[in-house]
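Worksheet: one structure, shown below.
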Amino acid sequence: MTAALPPAALSPAVLVQAGPVLDGLAPGGSVPGGLVPVCLVAAGLALVTLVCVARVRLVRVTVSGGSMAPTLAHGDRLLMVRRRVRARDRGAVVLLAAPEDATAQVELGPWRVKRLVALPGDPVPAVVAAARGLPAGGVVPPGEILVLGDNPRSEDSRHWHRVPIALVTAVARRSPPPPGRAGARKST
């Protein structure tokens, strides 16, 4: 149990005599030698915490295959953040687990890198509707998304029946623009 100090006890003279840590805070005092190691330990702990959080939240992905060409080439690397999809992620490059009806490709593994083109409630893009024989003006059902590769020959929502939103594991930190927009890589 601590006792409250009367207002008169809070004078600078009392603070200076309170102990070695507060000596450095007194006018004209110097930083005590014990305070520097404490600050270094605190900074070290903060750095370790930051590295641990980054290792859990960030993932480096190496692109395999040509589904994202010409924007991303085979072997390109992306820094992605593990998180849920948000409304502002439309157009972003995402990492998702391959849907059930995706073609099994050993060299690609269980993951796919695609561009998020529609969220639940968004209109189905014409290219997806035409490829899947859907009527024009449809909307993406709740709990699902539509993804496309930047390569027109990509296996994506034009071929897959359903893509649950829960399959998205990470979103690219800075997504390259799709082909035809400023900053997109030129095909050679």
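The values are calculated or read from the model by the stated rules, or taken from the named source; none is laboratory data. Since the structure is predicted, the reported quantities are computational estimates derived from the model, not experimental observations. Positions of Cβ are backbone-derived with ideal geometry, glycine not excepted, and every protein chain shown enters the neighbour counts.
So which residues in the range 119-135 are out of contact with any strand residue (DSSP E or B) (no Cβ under 9 Å at 6 or more places or on another chain) and either in a loop (DSSP other than H, G, I, E, B) or touching a residue at least 12 places away in the same chain (Cβ under 8 Å) (or both), if there are any at all?
Those that are out of contact with any strand residue (DSSP E or B) (no Cβ under 9 Å at 6 or more places or on another chain) and either in a loop (DSSP other than H, G, I, E, B) or touching a residue at least 12 places away in the same chain (Cβ under 8 Å) (or both): ALA131, ARG132, GLY133, LEU134, PRO135.
Taking the range 101-118 as the search range and keeping residues that are without any contact (Cβ under 8 Å) to a residue 40 or more places away in the chain and either in contact with a Ser or Thr (Cβ under 7 Å, 6 or more places away or on another chain) or not β-branched (Val, Ile, Thr) (or both), which one is nearest to SER154 (Cα to Cα)? Outline the logic, then answer.
Start the filter on the range 101-118 by keeping residues that are without any contact (Cβ under 8 Å) to a residue 40 or more places away in the chain, which leaves 104, 106, 110, 118.
Applying the additional criterion that residues be either in contact with a Ser or Thr (Cβ under 7 Å, 6 or more places away or on another chain) or not β-branched (Val, Ile, Thr) (or both) yields 104, 110, 118.
On the way: ALA104: 14, PRO110: 16, ALA118: 17 Å.
Across the range 101-118, the extreme among qualifying residues is ALA104.
It is to be established whether one or more residues within the range 116-131 are within 18 Å of ALA69 (Cα to Cα), surrounded by 12 or more Cβ atoms within 10 Å (Cβ to Cβ) and under 20 Å from the mean Cα position of the chain (by Cα).
Of the residues in the range 116-131, the ones within 18 Å of ALA69 (Cα to Cα) are 116-117, 127.
Pick out the ones that are also surrounded by 12 or more Cβ atoms within 10 Å (Cβ to Cβ) and you get 116-117, 127.
Next, only the ones that are under 20 Å from the mean Cα position of the chain (by Cα) stay: 116-117.
Yes, because at least one residue in the range 116-131 is within 18 Å of ALA69 (Cα to Cα), surrounded by 12 or more Cβ atoms within 10 Å (Cβ to Cβ) and under 20 Å from the mean Cα position of the chain (by Cα).
To keep it simple, each residue is scored yes or no on (1) surrounded by 13 or more Cβ atoms within 10 Å (Cβ to Cβ); (2) closer than 30 Å to LEU108 by Cα; (3) modelled with pLDDT of 80 or more; (4) small (Gly, Ala, Ser).
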{"position": "VAL21", "(1), (2), (3), (4)": "no, no, no, no"}
{"position": "VAL38", "(1), (2), (3), (4)": "no, no, no, no"}
{"position": "LEU47", "(1), (2), (3), (4)": "no, no, yes, no"}
{"position": "PRO70", "(1), (2), (3), (4)": "yes, yes, yes, no"}
{"position": "ASP76", "(1), (2), (3), (4)": "yes, yes, yes, no"}
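Scan the range 82-115 for residues that are closer than 18 Å to VAL63 by Cβ and outside any loop (DSSP other than H, G, I, E, B) and report the count. Reasoning before the result, please.
Looking only at the range 82-115, we keep the residues that are closer than 18 Å to VAL63 by Cβ, and these are 82, 91-98, 102-103, 105-115.
Okay, now just the ones that are also outside any loop (DSSP other than H, G, I, E, B), so 82, 93-97, 111-115.
So the count comes out to 11.
Has the range 50-59 got any residue that is at pLDDT 50 or above, among the basic types (Lys, Arg) and touching a Leu at 6+ places or on another chain (Cβ under 8 Å)?
Taking the range 50-59 first, the residues at pLDDT 50 or above are 50-59.
From the residues that got through so far, the ones that are among the basic types (Lys, Arg) too are 55, 57.
Imposing the further condition that a residue be touching a Leu at 6+ places or on another chain (Cβ under 8 Å) reduces the set to none.
Within the range 50-59, none of the residues are at pLDDT 50 or above, among the basic types (Lys, Arg) and touching a Leu at 6+ places or on another chain (Cβ under 8 Å).
Would you mention how many residues in the range 136-150 are farther than 19 Å from ALA69 by Cα and outside any strand (DSSP E or B)? Break it down stepwise before answering.
Our first condition is that a residue be farther than 19 Å from ALA69 by Cα; within the range 136-150, this holds for 136-145.
When the remaining residues are screened for being outside any strand (DSSP E or B), the result is 136-138, 140-143, 145.
Here the count works out to 8.
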